[in-house]
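*Asks:* Please see the structure below; I have some questions.
The values are calculated or read from the model by the stated rules, or taken from the named source; none is laboratory data. All of these numbers come straight from a predicted model, not from anything done at the bench. When we count neighbours, we look across all protein chains shown, and the Cβ atoms used for this are built from the backbone with ideal geometry, even at glycine. We work out accessible area using only protein heavy atoms, side chains counted, and drop any ligands, DNA or RNA first. Shrake-Rupley method; radii C 1.70, N 1.55, O 1.52, S 1.80 Å.
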Amino acid sequence: MFVLIAIFGSTIAPYRYDALIRGAARLPPSVEYPFGTDRLGRDVYSRILWGARDIVGLPALTTALAVTFGAAIGLYIGYRGGWVDEVVSRIMDSLLAIPALILALVMLGTLGASQTGIVIVIVVLYTPIVARVVRSAVLSLRSTGYIEAAKLRGESTPYILFRELLPGVLPALIVEGALRFSYAIFLTASLGFLGLGVQPPSPDWGRMVNEARDSYAQTPWALWAPAASIALLIIGVNLLSDGLRRTLRYEGTLG
Amino acid sequence: MSASNEILIAAERLTIDYRADGRWLNAVCETDLQIAPGEIHGLVGESGSGKSTLALGMMRYLAANARASGRVSFDGSDLLTKPDDAMQRIWGKQIALVPQDALASLNPSQRIGDQIAEVARLHDGLSASEANTLAVEMLRRVRFSEPEDAARRYPHQLSGGMQQRASIAMALIARPRLLILDEPTTSLDVTTEAAIIDLIRDLIRDTQAAALFVTHNLGIVAQLCDRMTVLYAGEIMASGAVADLFARPLHPYTIQLLASLPRPTHGTETRLPTIEGVAPSPTNRPTGCVFAPRCPAAIAICGTKPPVEALDGGRLIKCHRWREIAAGTLTLEAPPIQPIRANDAPTAGYTLTTRDLRKTFARRGMFQRRARLVAVDDVSLQVRARSTLGLVGESGSGKTTAARLIAGLEMADAGTMELLDVPLANGARARPVETLQRLQMIFQNPNDSLNPYRSVGATLQRAIYRLSTAKLSSAEINARVMMLLESVRLPANYADRYPSELSGGEKQRVAIARAFAADPALVVADEPTSALDASVQSAVLNLLKDLRAERGVSYLFISHDLNAVAYLADWIAVMYRGEIVEEGDVEQVYNPPSHPYTEALLSAIPNPDPTIKTHRILLNDDANGAQVITGCPFHPRCPRKIGAICEHEAPPYRDAGAGHFIRCHIPVDELTVLQTSAPTMRTGQALPRPETP
């Protein structure tokens, strides 16, 4: 449903995200403006529909990238072991030791706040987490007979990684990916709230919450609508990842 | 043995079902089982036969999704109808359980002594100090040499055998009247197992408790139990006195099971009789006799359920045709042992030679400095063409590491290897495809030796494709897949199956087929049968033997099962702590003179002939596992240690003639004298042991 909104939101929205509706500032929710309008006279409902594209699209892109890089790194270091594993794991541990939001703020401060910036930040943050999950899954498969049989056939490392090992870690990877997706949404919204996300006037759920904060007394709907949307979206994604976990019968640790 | 007629516990038409995926599956069907005080009752069956369920059902200790019907009389009342709180007072006090995995059943964060004492405090209301004294006393009774010290330890600080003895102490402290032992020795080494078996026998004799001993090992039953019950697919096939059942088996299943056990007397020229087929799954049991689909004597009437009939001596049998078998009009004498084709004879030349192979592992500890463990210590082996070298030893002896070095899965630190007189590169990666073709491996665990996401056909296709130097068309590859499946006696339609649809024995056959994808000269087999049931094990051993004859291959056969080794191997090397302590042909190794360690190993094998009581040579538990730096590695446990020389000087590798070598300070002639005189004499050469952990 959120995916549908993200894709088609811009076309079904009654107004453009930056359309200022004359004389319609601070209107409470009504049939015409289901979530009311904000202090500048923009339709909150339309802005949410427009904003859905970024709040779903950006995390989806970052998650896909983080899962791809994380899986590749995790497969390789888990299979290879030895000093390569030690070095890469320690580097990832040190990245994980820094609180995510602080690292994000620092990086966006230097990179400049932009969509590309957000993508880079979240990929950097989540790749090690995914890699760690994949690595631990690989460790339990590394010494199985079929992997050793593959070595005795003289298979290349990429073949062993992607053809023999990957199917085995796929359930863990899918569940982890879904989980990362929900965290990425949360982080994107948080960064938006802090003004480091998508820049105005593009609608961003996080920044909408921030902007509506000042005029909460007059237009509470302008705050509630995006906040509730974020909450609903994250709950939805979490339910999805739970469902995946159950269907794939994967008993992993919750991230 | 109990002479009394009183019965302590009796199951009557006990039926146990499990609920799974919304329906009831039968695990145990209408079984009758009685145990008298002082009696050890053996409960045998293959995996999935319901033996553990029946044993736990006898004490009404069942999972939440299980239901039981019938009756279990204990002390004149029916356990199945007792309220739960009444059962809590019976469990531990009246009926105690010794589980299979001792480590998992002991609390890892509590000292051994406290855990054992807790049982006494709970059930006998002893004070803390009384209970502790009693706990130490119990540890002494289960033969801890320093019980006070053991009581202060945590479970992980004890070896596997010690953990199992601690859990026996815990089970016995409240003086239960019935002890249920669920495969207590399955995960232990053969020498440790022998010590536990002896301990259980003595304890039961002393306490006059009754015991139900669940196992798949008929050798243990023969050596330990008074009466036995044979379970198959949840039903009792036969039960009765052990001596009687072994001497005169009347049920086709029992007859075949006993015949299929590998014994050294079979020699390497023969094949084992096997039971065809696999045990039915609980979802798909035959409506008639459950054994009929695999029974060579099955006739039309076997499509109906046979009644359980009682014979003399409390013997039960469930077969339509037992009368004919008893009268001798129906013989199930397993098909006469067939000689292997003549071209199987070893030929001159060596397939594999290793010289001074060495591998050291760095053991890492967070707070200690790195300790080094020499897993393989200058091992030199020769595998002759078209023959089998059996490599035996306990866990931790380095036999698997040696095999992995040869296969190229580990890198040797030093030493050289030659395959067919061509130097063998260190590590599979450095070996050209021609070498890989010639050297393949079969793994221990059938469940992880096949990629679960790939069909049998795809697995074999890939192996054929990778290991061929010629360009093969996909039609040619498929033809080879069919040939391979046929050579491991699997139907062609198995190519489309996935590993999860195969039984353990079938998976192992596919793994064997994979090893034979090219034209191997040497196949390294790392305990290929130890995870399989007895009836399946013999079929796999036969297959290996047939393939050796058909394909002219040599095997390096790693096993802790000396009977399987004797059946398949021409030449045997015994490893202890990374060193070869003895090598020779089967005859030489199995008979005096032999290394004291080999002697102990051989004496520990439970003989599946209740009339032969072997004298055990008990070894001390290998408590600390520390590496012995100087002298003979075996000296701390050696029953024949002759003095300081064993501690300080490495023993010489003495030539006992005809290629037979023994690494010991005791001269060969002296060993012969020592080992042929009583009481530690071994019983001829018949030292068979069925095995499937």
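*Asks:* Over chain B, with the other protein chains present, what is the accessible area per residue in square angstrom, probe 1.4 angstrom?
*Replies:* Here the residues of chain B average 40 Å² of exposed surface.
*Asks:* Among B:478-488, B:373-383, how do they line up by average Cβ neighbours within 10 Å per residue, starting with the highest?
*Replies:* Those peptides, ordered most packed to least, come out B:373-383, B:478-488.
*Asks:* Hey, another quick one. Determine the alpha carbon to alpha carbon distance for each of A:LYS151/B:LYS51; B:LYS51/B:LYS93; B:LYS359/B:LYS471; B:LYS51/B:LYS359; B:LYS399/B:LYS641; B:LYS51/B:LYS641 and list only those over 32 Å.
*Replies:* Those over the limit are A:LYS151/B:LYS51; B:LYS359/B:LYS471; B:LYS51/B:LYS359; B:LYS51/B:LYS641.
*Asks:* Here's another thing I want to ask about it. With every protein chain kept in place and ligands, DNA and RNA left out, what is the accessible area per residue of segment A:117-255? Probe 1.4 Å, answer in Å².
*Replies:* That works out to 40 Å² for each residue.
*Asks:* When the Karplus curve 6.51 cos²θ - 1.76 cosθ + 1.60 is applied with θ = phi - 60°, which whole-Hz ³J(HN,Hα) does each residue of segment A:143-151 get, with x for Gly and Pro?
*Replies:* Coupling constants for segment A:143-151: 9, 6, x, 6, 6, 5, 4, 5, 4 Hz.
*Asks:* Could you sort the peptides B:213-222, B:23-32, B:588-597 by per-residue average Cβ neighbour count (10 Å cutoff), highest mean leading?
*Replies:* Order by mean packing, descending: B:213-222, B:588-597, B:23-32.
*Asks:* Assuming R0 = 30 Å, what is the FRET efficiency of B:ALA326 and B:THR304, from their Cβ-Cβ distance, to the nearest 0.05?
*Replies:* Result of the calculation: an efficiency of 0.90.
*Asks:* Beta carbons within 10 angstrom, averaged per residue: use that to sort the peptides A:72-82, A:123-133, highest first.
*Replies:* A:123-133, A:72-82
*Asks:* How about B:LYS318: which aspartates and glutamates have a C-alpha closer than 12 Å to its C-alpha, ignoring those fewer than 8 places off in the same chain?
*Replies:* Reachable aspartates and glutamates: B:GLU30, B:ASP32, B:GLU235, B:GLU309.
*Asks:* Distance from the Cα centre of segment B:78-153 to that of segment B:414-471, in angstrom?
*Replies:* The distance from the Cα centre of segment B:78-153 to that of segment B:414-471 comes to 50 Å.
*Asks:* Name the shape class, rounded, prolate or oblate, that the alpha-carbon gyration tensor gives for segment B:193-286, where a ≥ b ≥ c are the square roots of its eigenvalues, rounded holds for a/c under 1.5, and otherwise prolate holds if a/b is larger than b/c and oblate otherwise.
*Replies:* Judged from the Cα gyration tensor, segment B:193-286 comes out oblate (a/c at least 1.5, b/c at or above a/b).
*Asks:* Something else now. Hey, how many Å between the Cα centroid of segment B:273-335 and the Cα centroid of segment B:472-507?
*Replies:* Between the Cα centres of segment B:273-335 and segment B:472-507 lies a distance of 31 Å.
*Asks:* Distance in nm between label sites at B:ASP124 and B:TYR653, each 7 Å beyond Cα in the beta-carbon direction?
*Replies:* 5.4 nm
*Asks:* Turning to a different aspect of this structure: What accessible surface, in Å², does a 1.4 Å probe find on A:PHE162, ignoring ligands, DNA and RNA and rounding to the nearest 10?
*Replies:* For A:PHE162, solvent-accessible area is about 100 Å².
*Asks:* Something else now. For n ≥ 4 DSSP H runs only, could you compute -39500 (n - 2.57) per run for the protein assembly as shown, divide by its residues and tell me the 222 nm figure to the nearest 500?
*Replies:* -13000 deg cm²/dmol
*Asks:* Other chains' Cβ within 10 Å of B:436-444 residues: what's the mean?
*Replies:* Mean partner-chain Cβ count within 10 Å for B:436-444: 3.
*Asks:* Here's another thing I want to ask about it. How far is the Cα center of segment B:525-572 from the Cα center of segment B:181-217, in Å?
*Replies:* Rounded to whole Å, the Cα centres lie 27 Å apart.
*Asks:* Just for the protein assembly as shown, what percent of DSSP beta bridges are antiparallel, to the closest 5?
*Replies:* Of all bridge pairs located within the protein assembly as shown, approximately 60 percent are antiparallel.
*Asks:* How many Å² of accessible surface get buried when A and B come together, counting both sides, probe radius 1.4 Å, rounded to the nearest 100?
*Replies:* It comes to approximately 1800 Å² buried between A and B.
*Asks:* Can you tell me how chain B classifies by the Cα gyration tensor, rounded, prolate or oblate, using a/c under 1.5 as the rounded cut?
*Replies:* Oblate is the answer for chain B, as a/c is 1.5 or above yet b/c matches or exceeds a/b.
*Asks:* Right, here's the next one. Mind running the shape call on the protein assembly as shown? Use the C-alpha gyration tensor, a ≥ b ≥ c as the square roots of the eigenvalues: rounded below 1.5 for a/c, prolate if a/b tops b/c, oblate otherwise.
*Replies:* Prolate.
*Asks:* Count, for each residue of B:453-462, the Cβ atoms from other chains sitting within 10 Å of its Cβ, then give me the mean as a whole number.
*Replies:* 2
*Asks:* At 1.4 Å probe size, with the rest of the protein present, what percent of the exposed accessible area of chain B is carbon and sulfur atoms?
*Replies:* Ligands and nucleic acids excluded, carbon and sulfur give 51 percent.
*Asks:* Still on this structure, I have one more. Pull out the extension gain between B:ARG372 and B:ASP202, defined as 0.36 nm times the separation in residues minus the alpha carbon to alpha carbon distance; nm, one decimal.
*Replies:* Taking B:ARG372 through B:ASP202 to full extension adds about 57.2 nm, to one decimal.
*Asks:* Provide a whole-number value for the mean count of partner chain Cβ atoms within 10 Å of the Cβ atoms in peptide A:149-160.
*Replies:* That works out to 6 on average.
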